[in-house]
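Inspection log for the structure reproduced underneath, given as structure tokens.
The values are calculated or read from the model by the stated rules, or taken from the named source; none is laboratory data. In this text, all values refer to a predicted model and were calculated from it rather than measured experimentally. We place every Cβ from the backbone using ideal geometry, glycine too, and count neighbours over all the protein chains shown. Ligands, DNA and RNA are excluded from the accessible area calculation, which covers all protein heavy atoms including side chains. Shrake-Rupley method; radii C 1.70, N 1.55, O 1.52, S 1.80 Å.
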Amino acid sequence: GGGMRRMVVNCGGLGAVRWLVSSGVPRLHDAGLDLLSCVVEGDQGVAADCLSVLPQGSDTIMGFVRDRRPGTRLLACLAMARVASSAPSECSYGPSGGDLIAAATALVNLLGEPDDAVSIEAPLALSCLVGGRPSLAPPLCADLRVPARVSEHLSKPQVPPRMVARMLHLLAHLSVSTSTAQSVVDAGGVPLASSALGSASPPVRFAACTLITHLSRSVRNLRTCLRDTRLAAPLTSLLQDPASDTDGAAAGAICNLILDFSPAKTDLIEGGCLTGLARLAMDESRAETVRVNAVWALRNAAYVAQGGVKEKILSAVGG
């Protein structure tokens with residue numbers, strides 16, 4: 001947490017980062033980059049201080065982004081992502097747009113790295129990079145073709161569930177605008193998510209719900225690619241998912257799909273989703289975000305509803 005990071009900094013952590021990345025020893029470089037990622041995450045002050053103590057600011061990190069060793073490139077890109085999302089915009093030592101594109105390009109290339117220990121972490125680092133700088137999503141989609149490349153990787157046999165979950169989360173992070181979401185759809189994002197809803201892996205099911213949530217923010221998608229994918233039954237089933245947080249993620253996906261102009265609304269209601277949504281909304285042990293998602297989904301279901309939908313909602317909540 002933030003308190004632990006600040007304690008590390010107060011105990012000389014920034015000096016340790018500088019010494020490690022300047023040591024000339026590869027394994028110490030890696031340790032320094034890893035430590036840098038940990039101490040700057042989410043803390044503007046620490047990020048700015050850390051960049052100021054590096055010999056050449058963010059250029060020091062960029063030197064490792066071009067390293068010949070895949071593991072070092074991965075750690076450097078993750079450090080760049082943490083810095084980009086945490087450092088204040090006015091920081092003179094911060095990364096440039098070109099630096100971030102270079103880091104993104106390196107991470108995209110690492111998606112196909114033979115070393116599984118590296119390739120499985122690359123989607124996470126890319127998600128971190130895009131999450132901190134959403135403006136990177138358009139070039140990642142249009143120029144680097146990330147959605148298509150992710151789809152190609154997921155089409156391979158026996159992809160580890162951890163990799164599948166992280167790649168689905170990456171597609172969700174890329175779907176920040178109508179144009180980038182369309183790139184994800186064009187790359188087959190909807191069938192990938194639909195198939196993943198039935199995965200035996202809870203993190204994969206959660207990631208699939210997250211991707212559907214992001215794609216369903218587009219009215220165009222609701223009326224086109226999301227209407228014929230038979231999402232209603234698996235999402236309704238996931239409202240009873242025993243895995244922690246997956247039911248809440250399913251409620252988040254249903255929240256948009258159950259809007260009045262969505263063709264999926266009828267299937268969801270007839271499939272029994274109202275009962276599951278009501279259960280989540282009234283469960284005081286659940287996180288506030290989960291309950292809010294469920295309440296919004298019920299509200300959207302009730303909006304200009306016909307066929308006794310409001311009565312069904314009242315019955316589900318015990319009214």
Pick from the range 275-289, criterion modelled with pLDDT of 90 or more and hydrophobic (A, V, I, L, M, F, W, C), ranking: surrounded by the most Cβ atoms within 10 Å (Cβ to Cβ): 277
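Mind counting the residues in the range 134-143 that are within 18 Å of the chain's Cα centre (by Cα) and surrounded by fewer than 19 Cβ atoms within 10 Å (Cβ to Cβ)?
Of the residues in the range 134-143, the ones within 18 Å of the chain's Cα centre (by Cα) are 134-141.
Then drop every residue that is not surrounded by fewer than 19 Cβ atoms within 10 Å (Cβ to Cβ), which leaves 134-135, 138-139.
Final tally of qualifying residues: 4.
Could you grab me the full set of residues in the range 218-228 that are basic (Lys, Arg) and either within 13 Å of residue 174 (Cα to Cα) or buried (at least 22 other Cβ atoms within 10 Å of the Cβ) (or both)? Working first, answer last.
Taking the range 218-228 and keeping what is basic (Lys, Arg), we get 220, 223, 227.
None - no residue of the range 218-228 is basic (Lys, Arg) and either within 13 Å of residue 174 (Cα to Cα) or buried (at least 22 other Cβ atoms within 10 Å of the Cβ) (or both), so the list stays empty.
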Positions within the range 188-198 being more than 17 Å from the chain's Cα centre (by Cα) and either under 9 Å from residue 147 (Cβ atoms) or β-branched (Val, Ile, Thr) (or both), in sequence order: 188
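For residue 310, indicate whether it is assigned to a helix (DSSP H, G or I) and open to solvent by less than 50 Å² (accessible area, probe 1.4 Å). Lay out the reasoning, then the answer.
Details: assigned to a helix (DSSP H, G or I): yes; open to solvent by less than 50 Å² (accessible area, probe 1.4 Å): no.
No; evaluated as a whole, the condition is false for this residue.
Looking for whichever is modelled with pLDDT of 80 or more, open to solvent by 10 Å² or more (accessible area, probe 1.4 Å) and under 19 Å from the mean Cα position of the chain (by Cα) here; the options are 110, 124. Which one fits?
Numbers: 110 fails: open to solvent by 10 Å² or more (accessible area, probe 1.4 Å).
None of the other options fit; the residue is 124.
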Residue in the range 153-176 that is closer than 25 Å to residue 134 by Cβ, over 16 Å from the mean Cα position of the chain (by Cα) and small (Gly, Ala, Ser) present: no
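Do the conditions hold for residue 190, that is, is it part of a helix (DSSP H, G or I), open to solvent by less than 20 Å² (accessible area, probe 1.4 Å) and touching a Pro at 6+ places or on another chain (Cβ under 7 Å)? Spell out the reasoning first.
Values: part of a helix (DSSP H, G or I): yes; open to solvent by less than 20 Å² (accessible area, probe 1.4 Å): yes; touching a Pro at 6+ places or on another chain (Cβ under 7 Å): no.
No.
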Looking only at the range 1-25, and only at residues there that are assigned to a helix (DSSP H, G or I) and loosely packed, with under 14 Cβ neighbours inside 10 Å, the one that is modelled with the highest pLDDT: 19
Qualifying residues in the range 258-274 (those that are of a type in the set (A, V, I, L, M) and closer than 13 Å to residue 298 by Cβ) - the one most open to solvent (accessible area, probe 1.4 Å): 259
Residue in the range 241-252 that is surrounded by fewer than 15 Cβ atoms within 10 Å (Cβ to Cβ) and modelled with pLDDT of 90 or more present: no
